[in-house]
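The values are calculated or read from the model by the stated rules, or taken from the named source; none is laboratory data. Please read these numbers as outputs of a predicted model, since none were measured by experiment. Virtual Cβ from ideal backbone geometry, glycine too; neighbours counted across all protein chains shown.
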């Protein structure tokens, strides 16, 4: 069963075959071409946290570059069945969407990040609803981790995600099960 699932990755195939709603598109990331955008996006996602650190800007940049590289390496090694994509709006990158099929019937949103100016404008909601609808059609669940205190948590809860396990460090694990998708 496991070997068959690894060969099929049905949920990721559904993602590939069903593009997100207009005006959005996904494009697989390519390194090093997309590195500058991805690194800037990562820095934006950590800006609130880094504002509290009394380091010179060059030390913050170096630290965040190292953290981004370590995170990307970890994701590549941890998730066998994955899609790492740029989110495009009208052809321009506005974020990243990293997905993994962690087991049959489970799609994990490994990371969804949008540039600061696109946050709070419904972009994340549209993308997540698109993924939820794909999973609903396949009878699959959607899962993600969210950092405690992240304002996006309210969005996840509105969409029906619930915390399913005790916190691990600063992150909570949230799921939207197939039965809950049908009623949300």
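Could you look through segment 32-66, keep only residues that are without any contact (Cβ under 8 Å) to a residue 40 or more places away in the chain, in contact with a helix residue (DSSP H, G or I) (Cβ under 9 Å, 6 or more places away or on another chain) and exposed (fewer than 14 other Cβ atoms within 10 Å of the Cβ), and pick out the one that is nearest to residue 152 (Cα to Cα)? Filtering segment 32-66 for residues that are without any contact (Cβ under 8 Å) to a residue 40 or more places away in the chain, in contact with a helix residue (DSSP H, G or I) (Cβ under 9 Å, 6 or more places away or on another chain) and exposed (fewer than 14 other Cβ atoms within 10 Å of the Cβ), the one nearest to residue 152 (Cα to Cα) comes out as 53.
Kindly evaluate residue 135 against the criterion of being touching a residue at least 24 places away in the same chain (Cβ under 8 Å), over 14 Å from residue 178 (Cα atoms) and touching a strand residue (DSSP E or B) at 6+ places or on another chain (Cβ under 8 Å). No. If I filter segment 165-173 for residues that are in contact with a strand residue (DSSP E or B) (Cβ under 6 Å, 6 or more places away or on another chain), in contact (Cβ under 8 Å) with a residue 60 or more places away in the chain and either outside any strand (DSSP E or B) or under 22 Å from residue 19 (Cα atoms) (or both), do I get at least one hit? No: zero hits. Quick one: would you say residue 102 is surrounded by 11 or more Cβ atoms within 10 Å (Cβ to Cβ) and without any contact (Cβ under 8 Å) to a residue 12 or more places away in the chain? For residue 102, the condition - surrounded by 11 or more Cβ atoms within 10 Å (Cβ to Cβ) and without any contact (Cβ under 8 Å) to a residue 12 or more places away in the chain - is not met. Against the definition (touching a helix residue (DSSP H, G or I) at 6+ places or on another chain (Cβ under 8 Å), surrounded by fewer than 21 Cβ atoms within 10 Å (Cβ to Cβ) and assigned to a helix (DSSP H, G or I)), how does residue 137 come out, yes or no? It is true that residue 137 is touching a helix residue (DSSP H, G or I) at 6+ places or on another chain (Cβ under 8 Å), surrounded by fewer than 21 Cβ atoms within 10 Å (Cβ to Cβ) and assigned to a helix (DSSP H, G or I).
Out of 95, 120, one residue alone is farther than 29 Å from residue 13 by Cβ and outside any helix (DSSP H, G or I). It is 120. Scanning segment 20-31 for residues that are within 18 Å of residue 127 (Cα to Cα) and touching a helix residue (DSSP H, G or I) at 6+ places or on another chain (Cβ under 9 Å) returns 20, 21, 24, 26, 29. Checking the stated criteria, residue 76 turns out not to satisfy the condition of being farther than 18 Å from residue 43 by Cβ and buried (at least 20 other Cβ atoms within 10 Å of the Cβ).
Going by what's in this entry, would residue 129 be described as buried (at least 18 other Cβ atoms within 10 Å of the Cβ) and at pLDDT 95 or above? When the stated conditions are applied, residue 129 does not pass them.
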